[in-house]
Structure formats: C-alpha cells, structure tokens
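Asker: This is the structure, below, for whatever I ask next.
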Amino acid sequence: MEMKRMICYFVLCALVLGCIAGCVLDRPGETLPSSGTEAGQNGTGGALLPSEPILPEVDLNMQPETPWDLQILTGTNGIVYYTSESNNHYGFYIYSKEQLNVNSIEVNLPISHDYIVSVKERSLKGIQADAGEVWRDDEQSYSSNAFSYPLYLAYRGVDFVKLGEMEAKYKALYSQFEAGGYTDLWLSGALTQEEYARYREPYETAKAEYEAYLGAQWEDYLALTAEDLPQFYVYYVNIAFSDELIETEESFTQMEITIGDRVYNQQIGRITLKGQLEDPAPIDWHEDWGGIDGILGEGGCIRPYNGGVYCIDTLYRFTADRYKLLEKITFANPAQQIDRVWLDIQPVAGPRTVTQWDMSEGFEVYPGDQVTVYVAFRDAGMEDPGYQTEVYSFLEYTTDGQRYCKYAHCDIYTPDQHYVWYALCVQQLDLESYYLDYYYPRSEPWRFDPAEDPTPEAGRK
C-alpha cells in the first residue's frame, strides 16, 4: 500500500510540473513547449477542442404571445429637411402577418408642402449560405433581407459572453505572438519550423476552440428551409418631399396611414421642413473636391442596443493643400449632440496618428496631410426601431488669415435587417447579449474603451 501511495505521489508531481511548463511561452534558447499528440490533445499539441454546445431546439417562426397583424417601424425622430438640399425623403417599413395590396396603402401628412408617396413590397431571402465559414460571424456580410447565422445563434441561445471571451483570448494570444517577433526569427533562420510552430501553437489552439464553438450550429443553419424561418411580409413606404422652396417652416409629429379599410395615426417624433441652410463661414473652393470634402449621401445605419450614440465613418476626408487650423465641427440640427471626434492624420512624412479631438483648442494640419474625420453623435430617439435622421455638418477652420468651412450631408437610417427587427419588435426576442457582449466589442470597441477609436486597425494606437 505504501508503495502505491509513493507511485501516485510521483505521478501527481509529474503532472503538476508538466502543467507549469506548458503555461510558459519560452523565448529562443529556452525550453520550447512540448510537442506530440498525448492523450487529451487535439493532434497539434493543444488541448481538446470544446464539445459542441448543447442548445435547445426552437421554433424560429414562433408567434408572439400578443396577437399581431401589423408592425409599423416609423421610429421616434427629430429630423430637419432643408429645401435647399436635394433628395429629401423619409421612408419606413411595414411588417405584416398577411400579404397586403400595395395600392391599398396611403399616407397623409398634415402639411401644405407637396410630397409624393410610393410603396413597394420587399422580398425576404432566407438564409445566406454564400456568407461562407470565413464571414459567417460578421453580421455586415449578410444582405439586408437575409436571415443571418448570428441571428440563428441568438434564437438557439448561444452564450455570447463565452463566445466573445473566446475570441478576445485568441486575439490576445496572437498579439503576444506577434510582439515576440517569432515570425522574423523564423524567416531569418534563428528558429526551425518546428520551434516556430510551437510558439504559434497557443494562438492556433485558442482560435480553433473559438471557431469550433462558433461553427457548431453552422450545418444546422445551412439545412434551414424557407418554411423553418419567420413568415411575414415587408413593405417599404417612401415619402419624397418636393424640392420647391419652403416659404413657411412646417413641422408634424404624426402621420395618417391607411391600409385597406383601417386607419393608423402613427406617432413619428417630429419632422421639420425648413428653407435655406446657412453656412457658418464661406466654403473654401481651393480644394480638389470643390470645398466640400465630406459625405454627400449615405452616412450609415443604426443597429439595436446602441445606447443612443452612433459614429459616422469618414464624415470628412481631404488632403490639405495648405496650412489649416481646424477650429470645430458643428451640426445644424440641435437635436444631434456631438459625442466624440477622432482625427486620422497621415502626413507626407512620418507615422500615421489617430487623435481624439475635444475641440477645446484648434488642431493644426499641414500641406500634404491626409485628414480623415470620424464623429460620434447622440440623439434622443436613436434607440427606437425605425429611427432615422439627416445630418448637416460643417468643419470650420482658419487658413491664410480667413475663416472657411467644409460641408457634409448624409442620411442615417435603420438597417434593412428585416429578420432582426421582426425578431425584436414582433417576437420580442432578446438580442441584448449578442450586441453588447459580442457584436459591439468586436466591431465598435470604442464604445467600451476610451483608448480605442473607430478607424481601421492600422490607425489604432
């Protein structure tokens, strides 16, 4: 009996020492992580991949507890349209349990200004198999009318906290691997192929574990048929305002929507029609793009659980033709409050920098500087489904002793993610963990970390 105890003791010691050695990432010249395919390993020297998560089967087309027939997504808005600007239109979606006659849908607004209403039915695509395994976790790789794999995981009850932690782990290990310079050492001959692989192994194993957990339901997703998915109809209503000059400012807070023999008095927040938009300073016409150098068109889309803040990607982009002192950025609509501003500067010579600018002091740019401006702003109704707005922005600066400005105008809208909004608004599916624990940390880390910024990875500090 005593001999058996001694044997067990030595075996236990050997296991503990082995675990300690396996946790150390060695430098060249030190003992490398052990290789081989011992029991409990995946064949590459790493730990066994996690087993497929046991998830409940769900009815994707489950009906809500409260009977429904229509869902109108007009949002709670604070929009201002200027007749001096082009393409002034307001649009919203109608989700219906039954198919509707588009000719039976009418909209009446309590204004004197002319407008034209058009209605179109939108088709639903179903699953999107061509997203492929590489992009299956990227919500933005799916078309607007597709039922995405991340949404399917939400229905199945995947632990997005765990999924996010697993992704963060393998990315952190990769950063450590890169910081070690092992690739350069291998390319220079200082490391053998086997040694290089062992240094890379912790990252590769962690990544494989993440992808195994992420992809456990992929084949089930691909097997979904049209009958398995939520069944509803989608209609887009567009209101195009006349570009004739508005003599008297008008506002309205609701619209009358007629669908067949039913009338809906829909609250929409407030929409205001104004006349001429005034520039705070003369537009500088010396630049290549006519002094505008800002967005003229689509500015991006709002996603759920946004906390009332959204970042406009590349609100301005220009190459300075001369010295400029940037003074401030303003929005014409007082309902939109600027939250943060980032300046991405690539000089003619020297490294690229990304600076968060609070506009308390001017910011100098020099001839040849490539300047890209990102602006996050807040709006009270931004968290409501169907939110949209128009942003009219000015970048004011001084050059050659004179004040000038640049101009940007963009549409901000709710994305056409029909299956997502149906799940949220009709089925009352809880997607909070998906967005707050997984989507936003990986896609918009600036929301959680003041040191992060919304620029491409190369611009991060």
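Asker: Compute the distribution of all C-alpha to C-alpha distances in the stretch 149-303, in bins of 10 Å from 0, and list the percent of pairs in each, rounded to whole numbers.
Answerer: For the stretch 149-303, the pair-distance distribution reads 7, 16, 17, 17, 20, 16, 6, 2.
Asker: How high is the relative contact order of the stretch 296-459, given as a whole-number percent (alpha carbon pairs under 8 Å, six or more residues apart)?
Answerer: On the way: 313 pairs, mean separation 48.8, N = 164.
Relative contact order comes out at 30 percent.
Asker: How high is the FRET efficiency from Ile283 to Glu194, r the C-beta distance, R0 56 Å, rounded to 0.05? Working shown, then result.
Answerer: Values: r = 63 Å, r/R0 = 1.12.
Using R0 = 56 Å, I get an efficiency of 0.35.
Asker: Sticking with the crude label model, points 7 Å out along Cα→Cβ, report the distance from Ala451 to Val102 in nm, one decimal please.
Answerer: 5.2 nm
Asker: Could you order the peptides 199-211, 145-157, 257-269, 294-306 from most to least packed, using the average number of other C-beta atoms within 10 Å per residue? Working shown, then result.
Answerer: Details: 199-211: 19.6, 145-157: 21.5, 257-269: 13.9, 294-306: 17.8.
The packing order, highest mean first, is 145-157, 199-211, 294-306, 257-269.
Asker: Which entries in the list Lys162/Lys207; Lys125/Lys207; Lys274/Lys328; Lys97/Lys120 go over 20 Å, if you measure between the two C-alpha atoms of each? Each step should come with its number before you reach the end.
Answerer: Working: Lys162/Lys207 13 Å; Lys125/Lys207 31 Å; Lys274/Lys328 24 Å; Lys97/Lys120 16 Å.
Table pairs above 20 Å Cα-Cα are Lys125/Lys207; Lys274/Lys328.
Asker: Ok, one more. Calculate the spin-label point distance for Gln266 paired with Arg378, positioning each point 7 Å from the Cα along the beta-carbon direction, and give it in nanometres.
Answerer: 2.9 nm
Asker: From the convex hull of the Cα coordinates of the stretch 152-244, what is the mean projected area in square nanometres?
Answerer: Working: hull surface 51.2 nm².
Across all orientations, the stretch 152-244 yields a mean hull projection of 12.8 nm².
Asker: Counting each pair of different Cα atoms once, what's the Kirkwood radius of the chain in Å, rounded to one decimal?
Answerer: 26.3 Å
Asker: As an exercise, use a Förster radius of 45 Å and the Cβ-Cβ distance of Leu222 and Ser242 to find the FRET efficiency, rounded to the nearest 0.05. All intermediate terms of the calculation are to be shown ahead of the outcome.
Answerer: Working: r = 48 Å, r/R0 = 1.07.
For R0 = 45 Å, the calculated efficiency reads 0.40.
Asker: Could you list log10 I(q)/I(0) for the stretch 296-459 at q = 0.11, 0.16 Å⁻¹, which the Debye formula gives when each Cα is one point scatterer?
Answerer: Rounded to two decimals, the profile gives -0.50, -0.96.
Asker: Tell me, what ³J(HN,Hα) does each residue in the stretch 172-185 have, in order and in whole Hz, if you take phi through Karplus 6.51 cos²θ - 1.76 cosθ + 1.60 with θ = phi - 60° and put x for Gly and Pro?
Answerer: Values, residue by residue: 5, 5, 5, 4, 5, 4, 5, 5, x, x, 5, 5, 5, 5 Hz.
Asker: A follow-up question, please. How big is the stretch 54-150 in terms of Cα radius of gyration and Dmax, in angstroms?
Answerer: Answer for the stretch 54-150, Rg first and Dmax second: 18.6, 59 Å.
Every read-out reported here was derived from the displayed coordinates using simple, explicitly stated rules and does not represent laboratory data. Everything quoted here is computed from the prediction, not taken from an experiment. Cβ atoms come from the backbone with ideal geometry, glycine included; neighbour counts cover every protein chain shown.
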